[in-house]
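Worksheet for the structure shown next.
The values are calculated or read from the model by the stated rules, or taken from the named source; none is laboratory data. If you're wondering where the values come from, they're calculated on a predicted model, not measured in any experiment. Note: ideal-geometry Cβ built from the backbone for every residue, glycine included; neighbour counts use all protein chains shown.
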Amino acid sequence: MSSHIPESVPEAPRLRPLDAFAGSLAQRVYASVKEAILDLSLRPGAILRKGEVCETLGVSRSPVSEAVARLAAEALVDVVPQAGTFVARLSMEEVREGAFLREALELAAVEQVAREVRPDQVIQLRRNLRFQEGLVADDDTAGFYDADAEFHELILGFTGHRRLPGLSRTAWVHVDRARRLLLPERGRMGETVEEHRAILAAIEAKDAAGARAALRSHLRQVVTRLERLAGERPELFAGGTAA
């Protein structure tokens, strides 16, 4: 994480109301602010004023301070003494680490699933893929993002290991935020569908090695593209470079 925070244009928080989330008041504030950071409603480098968050969500400073502390621990915000709190810039170091962990988990999962997949599970994956195709046709980036995530979580869930999807989401959190910049790229959603189709074909064929290879290629596309993006949009990344 960069210790220097470049100047940032103030940005009013765009946060979903707390009744959209579950848990304690502090947990719901945390979830609302985190969602805005991850979906880039709050852009990397934006200043995050606690008073504005309080006003927007209709809460006191205490749950907001607790939420900010949690987000800082997850490296999603930078709290700079005498300067303020800022939405953390994207970090290629965090992206590479998250991608490494996600790949390790998901390759093991897809290999097991390819060997043991049931017909009803194949049907679920096919339906998800057809839904993705419709979202591409509608140019629905937000909907496609959710369907894409569901495809991967189905595979992880089919292993029977209940904690695996959550572990994968935690590992992927910094990649997740950065990759939202990629899906609007012309043609990327369609390419993603083709990559998912190759993964599904290998699973249907019970080809564990082929499923691993197809999934590895798919996941590594994300890091390769983000490396390029870091060079093209240095203002979004910590340190201003991909290195």
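If I filter the range 213-243 down to residues being touching a strand residue (DSSP E or B) at 6+ places or on another chain (Cβ under 6 Å) and part of a helix (DSSP H, G or I), which single residue comes out as surrounded by the fewest Cβ atoms within 10 Å (Cβ to Cβ)? Spell out the reasoning first.
Quick first cut of the range 213-243, residues touching a strand residue (DSSP E or B) at 6+ places or on another chain (Cβ under 6 Å) only: 230, 236-237.
Among the residues that remain, those that are also part of a helix (DSSP H, G or I) are: 230, 236.
Details: A230: 22, L236: 17.
The extreme case among them is L236.
Name the residues in the range 18-49 that are over 16 Å from E74 (Cα atoms), surrounded by fewer than 17 Cβ atoms within 10 Å (Cβ to Cβ) and touching an Asp or Glu at 6+ places or on another chain (Cβ under 7 Å), would you?
Result: R43, single match.
Which residues, counting only those in the range 87-131, are under 13 Å from V175 (Cβ atoms), of a type in the set (G, A, S) and not in a helix (DSSP H, G or I)? Can you show your working first?
Start the filter on the range 87-131 by keeping residues that are under 13 Å from V175 (Cβ atoms), which leaves 90-103, 105-106.
After this cut, where a residue has to be of a type in the set (G, A, S) as well, the list is 91, 98-99.
Within the range 87-131, just S91 meets the criteria.
Considering only the range 73-82, I want to know if a residue exists there that is within 24 Å of R16 (Cβ to Cβ) and in a helix (DSSP H, G or I). Outline the logic, then answer.
Keep residues of the range 73-82 that are within 24 Å of R16 (Cβ to Cβ), which gives 73-79.
Applying the additional criterion that residues be in a helix (DSSP H, G or I) yields 73.
Scanning the range 73-82 turns up at least one residue that is within 24 Å of R16 (Cβ to Cβ) and in a helix (DSSP H, G or I).
Among (1) buried (at least 19 other Cβ atoms within 10 Å of the Cβ); (2) in contact with a strand residue (DSSP E or B) (Cβ under 7 Å, 6 or more places away or on another chain), which single condition is V79 missing?
Failing condition for V79: (1).
So if I check each of A147, A114, which one is modelled with pLDDT of 95 or more, more than 21 Å from L38 (Cβ to Cβ) and of a type in the set (G, A, S)? Don't jump to the end; show me each part of the working.
On the way: A147 fails: more than 21 Å from L38 (Cβ to Cβ).
A114 is the lone residue from the list that is modelled with pLDDT of 95 or more, more than 21 Å from L38 (Cβ to Cβ) and of a type in the set (G, A, S).
State all residues of the range 186-212 that are closer than 16 Å to E133 by Cα and in a loop (DSSP other than H, G, I, E, B); if no residue qualifies, say none. Spell out how you get there, then give the answer.
Residues of the range 186-212 closer than 16 Å to E133 by Cα: 186-201.
Result: R186, G187.
Across the range 132-141, what is the total count of residues that are in a helix (DSSP H, G or I) and either without any contact (Cβ under 8 Å) to a residue 24 or more places away in the chain or touching a Pro at 6+ places or on another chain (Cβ under 7 Å) (or both)? Even if it seems obvious, please write down each step before you answer.
Looking only at the range 132-141, we keep the residues that are in a helix (DSSP H, G or I), and these are 132-137, 141.
Subset that is either without any contact (Cβ under 8 Å) to a residue 24 or more places away in the chain or touching a Pro at 6+ places or on another chain (Cβ under 7 Å) (or both): 134, 137, 141.
The qualifying residues number 3.
I need the full set of residues from the range 166-185 which are assigned to a helix (DSSP H, G or I) and touching a strand residue (DSSP E or B) at 6+ places or on another chain (Cβ under 9 Å), in order please.
Hits for the range 166-185 are H174, R177, A178.
Within the range 110-135, which residues are under 26 Å from E227 (Cα atoms) and either among the hydrophobic types (A, V, I, L, M, F, W, C) or not assigned by TED's automatic domain parsing to the domain that holds E195 (or both)? Explain how you work it out, then say what you get.
Step one: filter the range 110-135 for residues under 26 Å from E227 (Cα atoms), giving 110, 132.
The answer is V110, and nothing else.
Within the range 150-162, can one find any residue that is under 17 Å from the mean Cα position of the chain (by Cα), modelled with pLDDT under 95 and either under 17 Å from V222 (Cα atoms) or surrounded by fewer than 17 Cβ atoms within 10 Å (Cβ to Cβ) (or both)?
no
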